[in-house]
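Notes to accompany the following structure.
The values are calculated or read from the model by the stated rules, or taken from the named source; none is laboratory data. Please read all numbers here as calculations on a predicted model, not as lab measurements. Cβ atoms come from the backbone with ideal geometry, glycine included; neighbour counts cover every protein chain shown.
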4 protein chains.
Amino acid sequence: MDDIQILIDELVKFRDARHWEQFHNTKDLALAISIEAAELNELFLWKTTEESELVDSTKLKEELADILAFSLLLAGKHGFDVKEIVLEKIKKNGEKYPVEKAKGIAKKYDEL
Amino acid sequence: MDDIQILIDELVKFRDARHWEQFHNTKDLALAISIEAAELNELFLWKTTEESELVDSTKLKEELADILAFSLLLAGKHGFDVKEIVLEKIKKNGEKYPVEKAKGIAKKYDEL
Amino acid sequence: MDDIQILIDELVKFRDARHWEQFHNTKDLALAISIEAAELNELFLWKTTEESELVDSTKLKEELADILAFSLLLAGKHGFDVKEIVLEKIKKNGEKYPVEKAKGIAKKYDEL
Amino acid sequence: MDDIQILIDELVKFRDARHWEQFHNTKDLALAISIEAAELNELFLWKTTEESELVDSTKLKEELADILAFSLLLAGKHGFDVKEIVLEKIKKNGEKYPVEKAKGIAKKYDEL
């Protein structure tokens, strides 16, 4: 079995042992991702870009894992194939950001 | 090769073709995750929990894919083993939320 | 003097007594707002809409005050007239959401 | 009448003309603040701290106004006195961050 599915299965097992499926509706899972993303960002608040690279690796791993966990739970809830949706998004972004227009430029596609 | 690594490799290829590594510092990658998380949440704004379950599946996939993409790029940048950090977080959360205390209760561990 | 200016002055006094102006660049102030907004949202995570109305009033006040504080500091830093920019935005939103089209409908203006 | 109350009254008038009070529950207003905060942050994504200071002033005003608008609507909904809650939070933060300990240091109070 693939690693992504292994992770989703472990997360679901953790959730179900605690009878938490009742709380894991789509809207609240999305909210949870966003709250975890803010906790990740808090590691860098008031820090320069350079200082931010020196972030405590343990904390970075934990915050990132939280975001991934809720994202995988949400994907699993809707039966999405994570590999497929990310590859499709890369393809779509390739059309929005063609290499010749986007190279070296950090602008949104509608400003390119 | 595992699916997670395949995704990270594809994301890095996409990034490098556009010479975007220069923008992808840790602080801004974290910010990007949080902005994509807000776009995901916008799908559910002013919607009830029930209405939110009926979200357009294509949009949900795309927003989720964006969050996963930046999360994987950040993990890749720091050389993290995604499977390992998520499994470790599940283990740690198991200690913070023991089944007997957390079952059926959606409270933070420090309020249990 | 007006209440908004009184608040900005108090916030600046607090900041300057701690020599924090050096950290309060525009990008990090925006990030701080977003982190405080997530803390506000955490009060409602896994809670129904109805349960959320019964939120602890003290916590709600504090999280809201944090968001307002950083927003006022950012406005003050750029010399914005808070009353003016909010009234202007209301006017602009009135054009994007004309009463006859938007009445009773919670859609984005480009979907109306 | 004070400027803050003038703003809340205008926002409520705008909301009520569109029959939007039904959507403005506490949980969704908090979510709206967080989504607007992300739009503010998007102005600075992939930009250096220095570049961020040169942000388009019109856009900054609009995003900040959106955050303030939903924050004031939430405060108004709960009958909070905005001036009072911000002054109280400043006082409380003064205890968490005493000048002698916090001067020139951008750490959270529990790390000081």
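Every listed requirement among (1) surrounded by 15 or more Cβ atoms within 10 Å (Cβ to Cβ); (2) away from chain A (no Cβ under 14 Å); (3) more than 20 Å from the chain's Cα centre (by Cα) is met by C:Leu7 save one, (3).
Looking at A:Ser52, A:Ser57 in this structure, which one is in contact with a His (Cβ under 9 Å, 6 or more places away or on another chain) and without any contact (Cβ under 8 Å) to a residue 12 or more places away in the chain?
It is A:Ser57.
Checked against (1) within 9 Å of chain C (Cβ to nearest Cβ); (2) part of a loop (DSSP other than H, G, I, E, B), D:Gly79 passes all but condition (1). Residues that are facing chain D (nearest Cβ under 7 Å) and surrounded by 13 or more Cβ atoms within 10 Å (Cβ to Cβ) were ranked within the range C:95-112; the one that is modelled with the lowest pLDDT is C:Ala106. Within the range D:39-48, is even one residue of a type in the set (Ser, Thr, Tyr) and more than 26 Å from C:Glu51 (Cα to Cα)? Looking through the range D:39-48, at least one residue is of a type in the set (Ser, Thr, Tyr) and more than 26 Å from C:Glu51 (Cα to Cα).
Of all residues in the range B:30-70, those satisfying the criterion of being polar (S, T, N, Q) and part of a helix (DSSP H, G or I) are B:Ser34, B:Asn41, B:Thr49, B:Ser52, B:Ser57, B:Thr58. Scanning the range B:1-27 for residues that are assigned to a helix (DSSP H, G or I) and touching a residue at least 60 places away in the same chain (Cβ under 8 Å) gives B:Ile4, B:Leu7, B:Ile8, B:Leu11, B:Val12.
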